[in-house]
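The values are calculated or read from the model by the stated rules, or taken from the named source; none is laboratory data. None of these values were measured; they are calculated from a predicted model. All Cβ positions, glycine included, derive from the backbone under ideal geometry; neighbour counts span all protein chains shown.
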Amino acid sequence: MGVYQTKAQVHAFERGFQAYGKGKSQSDNPYPREADYFTLWTQGFQEAQEQDSDTEHRA
């Protein structure tokens, strides 16, 4: 990745990643759309979704 991120930014990404694993919807993003954390949460959610999709294709 190479880009410096604060602990709060990393936390937002991880929360999104975990939300997917808990069966949440992408619309469950708790951050306001205008916040940086909104995008990071969404990226985490989508990363988990992609990994899940990759796992399904290998099975």
Query raised in the report: Taking into account only those residues within region 6-59 that are of a type in the set (Val, Ile, Thr) and under 12 Å from the mean Cα position of the chain (by Cα), which is surrounded by the fewest Cβ atoms within 10 Å (Cβ to Cβ)?
Result: VAL10
Query raised in the report: Does region 7-23 hold any residues that are without any contact (Cβ under 8 Å) to a residue 12 or more places away in the chain and among the charged types (D, E, K, R), and which are they?
Result: LYS7, LYS22
Requested in this report: Evaluate region 40-57: report whether one residue or more is under 18 Å from THR6 (Cβ atoms) and out of contact with any Gly (no Cβ under 9 Å at 6 or more places or on another chain).
Outcome: no
Report task. Please go through region 1-34 and pick out each residue that is among the aliphatic types (A, V, I, L, M), farther than 20 Å from GLU50 by Cα and modelled with pLDDT under 95. Result -> VAL3
